[in-house]
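All remarks here apply to the structure that follows.
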Amino acid sequence: SKLFVGICRWITAMKRARDFKEIKICVAPTDMRKQSYGLASLVESAIGENPSTGSLYIFCNRSRTIIKALYFDRAGFCVWSKKLDQNRFPWIKSVLKTREISAADLELLFDGVDVFKRHAKLEFDSVS
């Protein structure tokens, strides 16, 4: 039917995390009542960036049960949302306003893996 074809086109038009040039975690807790324009305004005022540059911005509420993702796509803002009924999302504690992560790390974060507590990279001058 035409409705099914329209829905399929809309779903395939959604971007995947690896399609973005940058993925930025917004560290401070966010009021999840905010929708696209509220989140875009937060990117401009709190982070000091233009939200329509092609980056994906990730927000989390204070209780770490909801994550929202914001990006600008050709004609307007898009928002993804995931709400946990049990458990909490791991989240970074930092003095920085944002932290950049990879698409692979974002997928792990959505699955509940704490990508922020990795071992520090070791480098050796020699092994003996």
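The values are calculated or read from the model by the stated rules, or taken from the named source; none is laboratory data. Owing to the predicted nature of the structure, the values given are computational and were not obtained by experimental measurement. A quick note on method: Cβ atoms are made from the backbone with ideal geometry, for glycine too, and the neighbour counts reach across all protein chains shown. Heavy atoms of the whole protein, side chains included, go into the accessibility calculation; ligands, DNA and RNA do not. Shrake-Rupley method; radii C 1.70, N 1.55, O 1.52, S 1.80 Å.
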Given the candidates Asn87, Leu122, Pro51, the one whose Cα lies deepest towards the positive end of the charge dipole of the chain, counting +1 at each Lys or Arg C-beta and -1 at each Asp or Glu C-beta, is Asn87
Given Cβ point charges of +1 (Lys, Arg) and -1 (Asp, Glu) and nothing else, what value in debye, to the nearest 20, does the dipole of the chain about its Cα centre take? 460 debye
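Leaving ligands, DNA and RNA out of it, rank Ser81, Ser128 by accessible area with a 1.4 Å probe, largest first. Numbers along the way, then the final one.
Values: Ser81 80, Ser128 140 Å².
Reading off the accessible areas and sorting them downward yields Ser128, Ser81.
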Residue by residue through segment 79-91, which ³J(HN,Hα) values in whole Hz follow from phi under the Karplus form 6.51 cos²θ - 1.76 cosθ + 1.60 (θ = phi - 60°), with glycine and proline marked x? 10, 9, 9, 9, 10, 8, 7, 9, 6, 9, 6, x, 9
Count the lysine pairs in the chain whose Cα atoms lie under 16 Å apart, taking only pairs 8 or more positions apart in sequence or on different chains. 12
Inter-label distance, nm, simple model (7 Å from Cα along the C-beta direction), Ala104/Arg62: 3.6 nm
Any idea what the alpha-carbon Rg over 2.2 N^0.38 Å comes to for the chain? 1.22
